[in-house]
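Presented below is the structure to which this report refers.
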Amino acid sequence: MMFLAEQGEADRFELPVRVYIEDTDAGGIVFHARYLHYMERARTEWVRSCGVGLRAGMAENISYVVQKMNIYFQSPAKLDDQLLVTAEPVAFGRVWMTFRQRVIREADQRPLCEADVRVACVALDSGKPRRLPESLRNLLEQHVQPIETINKTSQE
């Protein structure tokens with residue numbers, strides 16, 4: 001079974017981020033790869049804010065890797081901008097979870113970047129896919145509504 005959030009039902013987590021000189025190019029524009037760093041932090045902080053310990057997972061041979069990302073850069077962030085980076089779980093399967101993420105300039109609420117990010121759960125020692133831990137599945141079930149899928153093997 002695949003689980004998918006209906007629009008508006010998933011909880012949206014926001015992480016404030018300030019743009020520093022180290023994030024920018026010589027013109028004071030945020031380097032495109034930095035958005036990936038911001039999004040990684042927001043996903044991690046969402047999990048942490050929900051009480052799921054990532055360090056404990058590592059002790060249990062669990063790791064998470066970005067499997068797929070679809071990203072759209074709309075407008076640049078600049079030096080000293082205060083940003084809000086969101087992480088919203090929208091779907092999950094046996095071994096993966098998908099987040100909808102946005103980077104928004106706080107001052108004018110302008111969307112700067114958005115992405116759908118699929119994160120897979122893998123065994124730390126082998127890199128092979130493994131089931132999401134029960135604690136994380138329980139958390140996702142609280143935030144994402146289930147739907148039945150016709151071809152579940154293509155989704156999992």
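Some notes on this structure:
- Cβ-Cβ distance of Gln82 and Lys128, R₀ of 41 Å, FRET efficiency by 1/(1 + (r/R0)^6): the value works out to about 0.50.
- Remark: spin-label model distance Glu106-Leu54 equals 2.1 nm, labels positioned 7 Å along the Cα→Cβ axis.
- Over all projection directions, the Cα-based convex hull of the stretch 87-144 averages an area of 4.9 nm².
- When the charge dipole of the chain is built from unit charges on Cβ atoms (+1 for Lys and Arg, -1 for Asp and Glu) and taken about the Cα centre, the candidate among Ala115, Gly28, Leu83 whose Cα reaches farthest toward its positive end is Ala115.
- Nearest-ten-degree value, helix 34-49 long axis tilted from longest Cα axis of the chain: 50 degrees
- Label-to-label distance, nm, for residues given as Arg137 and Gln74 (7 Å Cα→Cβ offset): 3.6 nm
- Relative contact order (%) - the stretch 2-149, alpha-carbon pairs under 8 angstrom, separation at least six: 33 percent
- Estimated from the Cβ-Cβ distance and a Förster radius of 30 angstrom, the FRET efficiency linking His32 and Val95 is about 0.55.
- Projected onto their three principal axes, the Cα atoms of the stretch 2-149 cover extents of 45, 35, 25 Å, largest first.
- For the stretch 36-156, size of Cβ-based charge dipole, Lys and Arg +1, Asp and Glu -1, in debye: 280 debye
Values quoted throughout were computed directly from the atomic coordinates according to the rules given, and no laboratory measurement underlies them. All of these numbers come straight from a predicted model, not from anything done at the bench. For neighbour counting, all protein chains shown are included, and Cβ atoms are generated from backbone atoms with ideal geometry for every residue, glycine included.
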